[in-house]
1. Does Tyr224 satisfy the condition of being within 29 Å of Leu116 (Cβ to Cβ) and of a type in the set (Ser, Thr, Tyr)?
2. Looking only at the stretch 288-321, filter to residues that are out of contact with any strand residue (DSSP E or B) (no Cβ under 9 Å at 6 or more places or on another chain) and surrounded by 17 or more Cβ atoms within 10 Å (Cβ to Cβ); which one of those is modelled with the lowest pLDDT?
3. For the stretch 203-219, what are the residues that are at pLDDT 95 or above and either aromatic (Phe, Trp, Tyr) or crowded, with 24+ Cβ neighbours inside 10 Å (or both)?
4. Please identify the pairs in which a residue from the stretch 110-123 that is part of a helix (DSSP H, G or I) has its Cβ atom under 7 Å from the Cβ atom of a residue that is at pLDDT 95 or above and among the small types (Gly, Ala, Ser), counting only partners at least 6 apart or on another chain.
5. Can you give me the number of residues within the stretch 154-165 that are outside any loop (DSSP other than H, G, I, E, B) and within 25 Å of Phe203 (Cα to Cα)?
6. Among the residues of the stretch 102-122, is any over 19 Å from Ile187 (Cβ atoms) and either surrounded by 20 or more Cβ atoms within 10 Å (Cβ to Cβ) or in contact with a Pro (Cβ under 9 Å, 6 or more places away or on another chain) (or both)?
7. Out of Asp66, Asp42, report the one residue that is without any contact (Cβ under 8 Å) to a residue 12 or more places away in the chain and not β-branched (Val, Ile, Thr).
8. Report the residue count in the stretch 1-50 for those that are farther than 20 Å from Leu76 by Cα, crowded, with 24+ Cβ neighbours inside 10 Å and of a type in the set (Asp, Glu).
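The values are calculated or read from the model by the stated rules, or taken from the named source; none is laboratory data. In this text, all values refer to a predicted model and were calculated from it rather than measured experimentally. Neighbour counts are summed over all protein chains in view; Cβ atoms, including those assigned to glycine, are modelled from backbone coordinates with ideal geometry.
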Amino acid sequence: MKKVLITGASGLIGSEGAIFFSKIGWEVVGIDSNMRKYFFGDEGDTIWNLNWLKNNIKNFQCYNIDIRARDNILALFKENKFDLILHCAAQPSHDWAKKEPFVDFDINAVGTLNLLEATRLYNTKATFIYTSTNKVYGDAPNELQLKELETRWEYANKEDYNGIDENCRIDKSTHSLFGASKLAGDILAQEYGRYFGLKVGIFRAGCITGGRHSGVELHGFLSYLVKVAKSGGCYEIFGYKGKQVRDNIHSYDIVNAFYHFYQNPKIGEVYNIGGCRKNSVSVLEAIARVQGLLDREIKYTYIDKHRVGDHICYISNMSKFKSHYPNWRLTKSLDDILKDMLK
């Protein structure tokens, strides 16, 4: 029986991965210390998800191990032979990182180093997948010429229509401390592939979401919007007239992409991944869609100040991944995602 290790197993991507690999007959080992509750309070608590996994998923076990605990990570890898490592654990918030920079960097950069080195020492045949972020590009995507439409910002030049590809530069831009720590992990993952010859894939994701997301204001725009809408609360829009654009991918589709990579792994390869243009939406458009699905208005306020380093229009160009893995398909539309979260 093949064995996968999933870090951040009770989070959105981690739990989706546990379900996915259990269904195809793998043994699933998870680690999670529920740091999301520490970052975001009770709203971010993922214990509900972990309890569901324990009660419903076959061949699943989860350990309360923090990826910063180097000795524990090394011991886990020494005792197990993993076929695949899905590294999904992170401090995920653009804005939270400035509150506790040491915690952010130790999780996103040093925690990633612990896992990569443990793989090199004890699991050299395993495939390692690092869940990175589009924030590694900082605000460089904002330099593309844009045009303002009624409900969104849009790329002005036709050559930019499909969005941001992997050639976007990563320096000379404002990343946020979160973007910087994730970039450190991103480069480390590439290096362990290229320098040591390990099978490592780096996926720079746009907005990942779905029904298993414990969305909060500081992380998980679409999930948090749905949560506010269902509760009757008031949603706050930060800058750019609410016309900033994101492409959204369901957690199932990104895990399925990971599985395609596992079946034909590369050495230190980088891919942009997201919902692409098909699943792109502005904040204003997302509010309108949710209002339509709920058949009621959503209260919102506008704050005329954007988040530092935030993207104005970001759509993932997945041409490279699709050329390497032509059998992968995006299966969840934007409305599918919203309906999943509105259940």
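1. So Tyr224 does not fit the description; no.
2. Out of the qualifying residues, it is Gly309.
3. Listed by number, the residues that qualify are Phe203, Arg204.
4. Every condition considered, the pairs that remain are Gly111/Ala89; Thr112/Gly185; Thr112/Ala189; Leu116/Ala189; Thr119/Ala126.
5. Qualifying residue count, the stretch 154-165: 5.
6. Going residue by residue through the stretch 102-122, those that are over 19 Å from Ile187 (Cβ atoms) are 102-103, 121-122.
Checking which are either surrounded by 20 or more Cβ atoms within 10 Å (Cβ to Cβ) or in contact with a Pro (Cβ under 9 Å, 6 or more places away or on another chain) (or both) leaves us with none.
No - not one qualifying residue is present in the stretch 102-122.
7. Only one candidate qualifies: Asp42.
8. Matching residues across the stretch 1-50 total 1.
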